[in-house]
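> Have a look at this one.
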Amino acid sequence: MPSLRIRIAVPSATMILRQAKKYADDVKNLIEYATPGKVAAFIAESIQGVGGFVEFPQGYLKHTYEHIRAAGGVCIADEVQPVSDAPEHTSGVLKPRA
């Protein structure tokens, strides 16, 4: 029986940091070209748990927050985690169980 070889490319730390910087620079370009140069706030959901748990590349928020603060904005990290499909949790407010 022939053997099957699977190669998995694991990104290097340098590649991840470059990717994070690139994405953060997209935010900077958006501030420069789509706003008057000032922003009020940047809200980031640090871990997006709706479609699986997707995390930002390491360093993304650091670089993005630098651009937001330079434009006068406040940085907000929303760390609300989904806990249940139960109706008492769907409004965003946790209600005590009877």
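> Compute the length gained on full extension between Asp26 and Val74: take 0.36 nm times their separation in residues and subtract their Cα-Cα distance, giving the result in nm to one decimal.
15.5 nm
> Could you work out how much longer the chain between Lys62 and Glu45 gets when fully extended? Use 0.36 nm per residue separation minus the Cα distance between them, nm to one decimal.
4.7 nm
Bear in mind that the values in this text are calculations on the coordinates, not laboratory data. Small disclaimer: the values here were computed from a predicted structure and weren't measured.
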